[in-house]
Amino acid sequence: MDYLAIQLFNGLVNGSFYALLSLGLAVIFGMMRIVNFAHGVFYMLGAFVAYLLLQQVGIGFWPSLVIAPLAIALLGMLLERSLLRRLSGLDPLYGFLFTFGLTLLIQDAMRLRFGLQGQPYATPAELSGAVTIGAITYPTYRLFVVGFCLVASVAVWYVIERTRLGMVVRAATERADLTRALGVNVDRWITPMFGFGLGLAALAGVLAAPMRNVSPLMGSELIILTFAVVVIGGMGSIAGAIVAGFLVGVLSSIGAIFDPAIEGIVAFALMAVLLLVRPAGLFGSLETR
Amino acid sequence: MRRLAIAVVALAIALALPRVLYPVLALNILAWGLFAMAVDLLLGFGGLLSFGHAAYWGVAGYVAGLVARDAGAAYPVAALAGALAAAALAVPLGYLSLRRKGIYFAMVTLAFAQMLYYVANEARGITGGENGLQGIPRSFPGLALGQSMSFYYAALPLILIGYVAAYRIVGSPFGHVLVSIRDNEARAQALGYDTARYKLIAFVLSATLAGLAGSVYALGQRFASLELLHWSTSGEVVLMTVLGGIGTLWGGVLGAAVFLLLRDFLSTSDAFRDAPGVITGAVFIIVVLGLRRGLWPSIGRLAARIRR
């Protein structure tokens, strides 16, 4: 019973990362029709920014939680302005291939510089230790991650679905040409939204740093799992990204109770089932184009 | 007449290749070339970007290795077994993946390939896990195929069969229907074609060719490892296809040759030996930004200029 509860919490922790990452993917895809393969790389870079800030400048976890996402968002906006913009209007395939190339380039460049060995990052002092809930004891930091990601996810959902800015973004997502015709400057929002999506990835990276070692390959397999999450949730759906993220996290951890080998496969099996019974995903609608 | 001349020249190049380069590299170029052709069959003619073809390349490599090692089969039998295994796997995975289109299709195929990567990693008893499948023999009654040079010539017919098959598929009525589906699926449907069936058949054919290529590759390396199934393998073959030129078919072989020669050259450089992705990634970015039509059309233009 205790083991089940602990696995449930582990699932929520993993799910937090899936949710935050697929949320960023959904925002970028919605705005630009680009499936960002490099999302895992920016997650890794976020963790590295936090690590380097601590090592080189002595800036700790809490400021990094703000600085790293901002730095990565800025990097992303420069990237969008300089290169990615040239691919707008082309088949989404090219954006995918471009970000794939970017992934190889950055990942191996980081490997040249930092090696494959993971670097440890200390848990912030305020959150070290463990909390006892009923019969189980669970690390405080991990509970913080779940809470933080939940709040962040709901905040993003609120901004996109309930505010005037979100309305512009959603309109541009569905019919960019018509939104332009109504006098909204759609292009002005593309660069910041791309930066925002990458910022979310970097945020996940900083949160992961104290739990997982900071290494150049930390995002490499996570990104493909995130793709499965996005297909399950329904691409472009904000709520779908959040729900599917936590769902996949929890189901994978519960699968691990039966056999640890199952854990890595649950997301893909779930994706296969969904493709069979509901190809659009939990919250999605089938593409028309 | 001209076609015959081109075929003769191509065959001469294929025969001379292992003497110009070294045999292992030459065989790699041929095998990856067939792999890229298989991807182009789907992408260039069906409009379907599979980002998970490592699944078929890798599973076939493992199956061919196991059949050759544990059943002691001759190398063409092992290669055939690998190709058939890839085909059998492509039926369910293709059926599921084809329920989505466009970029979603790419993501789904990628995810399924990753699933097989996990499975192969867990099934250590069969695949050898991280150590891979080592010491794959290649045998044929009456032939000594221990040397890479002799195996190159032994494998060449298999690869050529694959090339010709891809060429014939594209030129067949089936290939034309496939192109019509790529250009306008609703129209093809209105004309009475069962487009879902055509796409699935194309997917399975492509996977079979990828499987044949993967089998030959694993036999040539005498080794099958998890790298065969890794997502970077799926990405690299797409890069070769795009580098050669989408929808050119033979461009795949050219793309594979350019890519592998570049990588071979880099493996001798101190700076990039451990991180070839820096260069591969940069090539990818350059191709996508400025060379989207690929190298093959440029060669065609060059040939036309020479003739004039």
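The values are calculated or read from the model by the stated rules, or taken from the named source; none is laboratory data. Please read these numbers as outputs of a predicted model, since none were measured by experiment. Cβ atoms come from the backbone with ideal geometry, glycine included; neighbour counts cover every protein chain shown.
Does B:Val59 meet the test of being of a type in the set (Val, Ile, Thr) and at pLDDT 95 or above?
yes
When you go through B:Ser206, B:Ser150, B:Ser215 one by one, which is the residue that is assigned to a helix (DSSP H, G or I), surrounded by fewer than 18 Cβ atoms within 10 Å (Cβ to Cβ) and among the small types (Gly, Ala, Ser)?
None of the others qualify; the one that does is B:Ser150.
Can you name every residue in segment B:51-74 that is surrounded by fewer than 21 Cβ atoms within 10 Å (Cβ to Cβ) and either among the hydroxyl-bearing types (Ser, Thr, Tyr) or in contact with an Asp or Glu (Cβ under 9 Å, 6 or more places away or on another chain) (or both)?
The answer is none; no residue qualifies.
Quick one: which residue in A:Val35, A:Val41 is surrounded by 24 or more Cβ atoms within 10 Å (Cβ to Cβ), among the aliphatic types (A, V, I, L, M) and assigned to a loop (DSSP other than H, G, I, E, B)?
Only one candidate passes the filter, namely A:Val35.
Condition first: assigned to a helix (DSSP H, G or I) and within 12 Å of chain A (Cβ to nearest Cβ). Now tell me which residues in segment B:241-262 satisfy that.
B:Thr241, B:Val242, B:Leu243
With the requirement that a residue be surrounded by 15 or more Cβ atoms within 10 Å (Cβ to Cβ), within 11 Å of chain A (Cβ to nearest Cβ) and of a type in the set (A, V, I, L, M), what does segment B:267-300 give you?
Matches in segment B:267-300: B:Ala275, B:Val278, B:Ile279, B:Ala282, B:Val283, B:Ile285, B:Val287, B:Val288, B:Leu289.
Within the group B:Leu84, B:Leu93, B:Leu156, B:Leu160, which residue is away from chain A (no Cβ under 14 Å), in contact with a Ser or Thr (Cβ under 9 Å, 6 or more places away or on another chain) and of a type in the set (A, V, I, L, M, F, W, C)?
B:Leu84
Mind listing just one residue for me: the one in segment A:152-195 that is hydrophobic (A, V, I, L, M, F, W, C) and more than 18 Å from A:Ala26 (Cβ to Cβ) and, of those, surrounded by the most Cβ atoms within 10 Å (Cβ to Cβ)?
Ranking the candidates gives A:Val184 first.
Just the residues that are assigned to a helix (DSSP H, G or I) and either closer than 13 Å to B:Gly47 by Cβ or more than 9 Å from every other protein chain (Cβ to nearest Cβ) (or both), please, taken from segment B:96-108.
Hits for segment B:96-108 are B:Gly102, B:Ile103, B:Phe105, B:Ala106.
Considering only residues of segment A:264-275 that are more than 9 Å from every other protein chain (Cβ to nearest Cβ) and buried (at least 17 other Cβ atoms within 10 Å of the Cβ), which is nearest to B:Ala120 (Cα to Cα)?
A:Val266
Given segment A:222-278, what helices (runs of 4 or more DSSP H) lie entirely inside it while holding 3 or more residues that are under 17 Å from the mean Cα position of the chain (by Cα) and not acidic (Asp, Glu)?
A:222-233, A:238-258
Of the numbered conditions (1) within 11 Å of chain B (Cβ to nearest Cβ); (2) crowded, with 19+ Cβ neighbours inside 10 Å, A:Glu80 satisfies every one except a single condition; which is it?
(1)
Can you tell me which residues in segment A:100-139 are of a type in the set (S, T, N, Q), within 14 Å of another protein chain (Cβ to nearest Cβ) and outside any loop (DSSP other than H, G, I, E, B)?
Passing the criteria: A:Thr103, A:Gln107.
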